[in-house]
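The structure appears right after this line, and notes come after that.
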Amino acid sequence: MARPGRPCCSGSMKATTTGTAPATDIRRAVEDAIWAPSVHNTQPWRFGVRGARIALCADGDRRLDASDPDGREMLISCGAALLNLRIALHARGHDTTVRILPDPDRPHLLADVEATPGALADDDALFLHAQIRRRRSHRGGFQAAPVPPGLLAAFRDDAGRDGARLIQAVDANVQGALAALTNAAEHSRRRSPAHTAETARWAPAPGTRRTDGVQQGAYPRETPRTAPHFASRDFARGHGWGLAAAPAEAAPGAVLLLVTPADGPAHWLRTGQALQRVLLRAAGHGLAAAYHSQALLVPELRAFIRTTFCGNAYPQLLLRLGVPDGEPLQSVRRPVEEVLFDDR
Ligand SMILES: Cc1cc2nc3c(=O)[nH]c(=O)nc-3n(C[C@H](O)[C@H](O)[C@H](O)COP(=O)(O)O)c2cc1C
């Protein structure tokens, strides 16, 4: 994604806290929104508040230059935050009108969200809202029990609501091929100084005071073996960091590709919203997702996966989904004041 000629949103970093009910609701909704997943926990978003309108902006300084030069994963992350924002406003009795990429001259202005008084939230919105702060990414194996087919069907419906599609790799050969491509991409990245430097920047050492990045409570010291085995990102980089006591072997879970019919910023934002709806429903049923996007960051491998396994749809994320083994992993967020500003 091109860096913008002028900032997405101007204004001071002071939050709007006028004490009116909508201002309070909007601030709380942003506090929920930031619990979205983001690549390397970069939290690449800012929220400009003007009355009942919220401008969601990408924070281009937090884009991963080496692995995500187009900002595709940055926008997927922001799309997940957008879905949280919509659900959080809805749960507080507001309808939302969302304009995606409303200004072509300001590519980092991703969405304009207007909150208006609405109907009481339905049970499903309240269910999803309750999962926003409970959901965690997983980086290990899963319990052996398969994901119930009814739940997978619900996830497919969820993905479809925001214009994406969830494809399950059921065939063991397809799963094996996706695992092999993931492993090849991961190991080639580990040989690239630019990629290892980027991982180091976003995986701080234990004891850090940072409130972003993938920290040692967020991954196991040793990744349990699964069959097939999908390589994890190398956050510890040989330092022996990470949580102890992961089981030695585990099941891979359901292997899923989240795809869109076309590519580009609007589809990346759709992907993020679809992802987050699936993840929230999964969390509500005790499930979590592990991400293996390495192969999709290599253009040749992404093109191969697209034509071979996605019927020419554009693969945006490769996930494994299941009931996690062990304790939930930890995650951190920046204080909301760092991302919320007055957009008047
Ligand atoms: C677009 C995207 C790509 C991601 N890719 C990976 C990945 O390849 N490996 C991984 O371990 N986690 C990946 N994650 C998960 C993030 O690292 C995680 O969301 C972040 O560390 C915050 O943790 P939490 O989701 O538990 O709150 C990805 C997340 C997003 C949104």
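The values are calculated or read from the model by the stated rules, or taken from the named source; none is laboratory data. For clarity, every value in this text was computed on a predicted model and none was experimentally measured. Here the Cβ positions follow ideal geometry from the backbone for every residue, glycine too, while neighbour counts run over all protein chains shown. Ligands, DNA and RNA are stripped out before the accessible areas are found, and what is left, the full protein with its side chains, is counted by its heavy atoms. Shrake-Rupley method; radii C 1.70, N 1.55, O 1.52, S 1.80 Å.
State, to one decimal in nm, how far the label point of residue 338 lies from the label point of residue 211, with both points 7 Å from Cα in the Cβ direction.
Simple spin-label model gives 0.6 nm for this pair.
How large, in Å, is the range 239-344 by the Kirkwood hydrodynamic radius built from its alpha-carbon pairs?
16.5 Å
Quick check: the angle from helix 299-309's long axis to the longest principal axis of the chain, C-alpha only, nearest 10 degrees?
80 degrees
Please work out how much length the chain gains when fully extended from residue 153 to residue 190, using 0.36 nm per residue of separation minus the C-alpha to C-alpha distance, in nm with one decimal.
Extending this stretch completely gives an extra 9.7 nm.
Report, to the nearest whole %, how much of the accessible area of the chain belongs to carbon and sulfur atoms, 1.4 Å probe, protein only.
Carbon plus sulfur share of accessible area: 53 percent.
Return the loop-located trypsin sites (Lys or Arg not before Pro) in the range 147-224 (DSSP other than H, G, I, E, B) with at most 10 other Cβ atoms within 10 Å of their own Cβ; answer none if there are none.
Working: sites: 156, 161, 165, 189, 190, 191, 201, 209, 210, 221; in loops: 190, 191, 209, 210, 221.
Answer in residue order: 191, 209.
On a full-extension model of 0.36 nm per residue, what is the gain between residue 144 and residue 61, subtracting their alpha-carbon distance, rounded to one decimal in nm?
Full extension from residue 144 to residue 61 adds 25.8 nm.
Once you have a ≥ b ≥ c as the square roots of the Cα gyration tensor eigenvalues for the range 27-163, tell me rounded if a/c is under 1.5, and otherwise prolate or oblate according to whether a/b is larger than b/c. Walk me through the numbers before you get to the answer.
Details: a/c = 1.91, a/b = 1.12, b/c = 1.70.
It is oblate, given that a/c is not under 1.5 and a/b is not larger than b/c.
Quick one: angle between helix 21-33 and the longest Cα principal axis of the chain, in degrees between 0 and 90, rounded to 10, please.
Taking the Cα atoms of the chain, the angle to 21-33 is about 10 degrees.
Rg and Dmax of the chain, Cα atoms, in Å?
Considering the chain through its Cα atoms, Rg and Dmax are 19.3, 58 Å.
Can you tell me the alpha carbon radius of gyration of the range 287-344 divided by the globular rule-of-thumb value 2.2 N^0.38 Å?
The range 287-344 yields a ratio of 1.71.
For the range 149-322, state the semi-axes of the equivalent ellipsoid (square roots of 5 times the eigenvalues of the alpha-carbon gyration tensor), sorted largest first and rounded to whole angstrom.
26, 19, 17
Restricting to DSSP H runs of at least four residues, report the calculated mean residue ellipticity at 222 nm for the chain, -39500 (n - 2.57) per run over all residues, nearest 500 deg cm²/dmol. Don't jump to the answer; show the numbers that get you there.
Numbers: 8 runs with 114 residues, N = 344.
Theoretical 222 nm ellipticity from helices: -10500 deg cm²/dmol.
Any chance you could check the Cα centroid distance between the range 296-342 and the range 101-170 for me, in angstrom?
So the separation of the two Cα centres works out to 12 Å.
With only Lys, Arg, Asp and Glu charged, each at its Cβ (+1 for the first two, -1 for the last two), find how big the charge dipole of the range 48-205 is about the Cα centre; round to the nearest 20 debye.
Computed about the Cα centre, the dipole is about 500 debye.
Taking +1 at the Cβ of each Lys and Arg and -1 at the Cβ of each Asp and Glu, which of 244, 232, 178 sits farthest along the dipole of the range 149-322 towards its positive end, judged by Cα position relative to the Cα centre?
It is 244, whose Cα lies furthest towards the positive end.
Can you give the angle from 0 to 90° between the axis of helix 193-202 and the longest principal axis of the chain, with both taken from C-alpha atoms, to the nearest 10?
Helix 193-202 and the main axis of the chain meet at about 60 degrees.
Would you mind checking which residues have amide H under 5 Å from residue 317's amide H? H placed 1.01 Å from N; only 5 or more apart, or other chain.
Here the answer is 258, since their amide H atoms fall under 5 Å of that of residue 317.
Under a 1.4 Å probe, what is the accessible area of the chain per residue, stated in Å²?
Per residue, the chain has an accessible area of 42 Å².
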